[in-house]
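Just so it is clear, none of the values below were taken in a lab; they were calculated from the coordinates. A quick note: this is a predicted structure, and the numbers were derived from the prediction, not measured. Reconstructed Cβ throughout: ideal geometry from the backbone, glycine too, with neighbour counts over all protein chains shown.
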Amino acid sequence: MNVSVLALDFGARRIGLAAASTHTRSSSTVGTIKARDGVPDWPALDKEVREWEPNLLVIGLPYNMDGTESAMTARVLQFVDVLIERYGLPVETVDERLTSVEARDLLKEQRRKGIRTKKLRREDVDSLAAKLIAENWINQSSPKL
């Protein structure tokens, strides 16, 4: 069974987006949408959900490095409730510790090697972090699929 996923990297100012498929076991960056204090540009997110037609939303759940919940963890869990109510889709969470750091490091390395010529933007980091969240979900979910 193919599961189509829209992954989100929640942030107070931006939400990174990526699309993934369990059939191809691949993911790709979609971009970012603006947010104001964690409240997304709902029309923009609605458009992405309509366009990608996911069966599932996956969102990164931020924890402190020691595994305890942070203030942002509670905000993401509240956002999950809103997503479920708004879209009527199942939502799963994935531990996202260090995905933004990993995304930034990957983009810097691409730029250093000349693979990437554009300047590193926060939007690129957020979208790549969402892609990493999607990949983590695919890797963790493979036995269930």
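Observations, loosely collected:
- Tensor-based shape of the chain (alpha-carbon gyration tensor, a/c under 1.5 rounded, otherwise prolate or oblate): rounded
- ASN2 paired with ARG104, simple spin-label distance in nm, labels 7 Å along Cα-to-beta-carbon: 3.7 nm
- Computed from backbone phi, the HN-Hα couplings of segment 47-52 come to 4, 5, 5, 5, 5, 8 Hz, rounded to whole numbers (Karplus: 6.51 cos²θ - 1.76 cosθ + 1.60, θ = phi - 60°; Gly and Pro given as x).
- Label-to-label distance, VAL91 versus ASP46, with points set 7 angstrom from Cα along the beta-carbon direction: 1.7 nm.
- CD proxy at 222 nm, helix term only [per DSSP H run n ≥ 4: -39500 (n - 2.57); per residue of the chain; nearest 500]: -14000 deg cm²/dmol
- Dipole magnitude of the chain about its Cα centre (Cβ charges: Lys, Arg +1; Asp, Glu -1), debye to nearest 20: 820 debye
- Extension gain for VAL82-ARG13 works out to 23.1 nm (0.36 nm per residue, less the C-alpha to C-alpha distance).
- Cα→Cβ-extended label distance, 7 Å offset, between GLU123 and GLU69, nm: 3.4 nm
- Once backbone amide H atoms are built at 1.01 Å from N, VAL3 has THR22, HIS23 as its partners under 5 Å, excluding neighbours fewer than 5 places away on the same chain.
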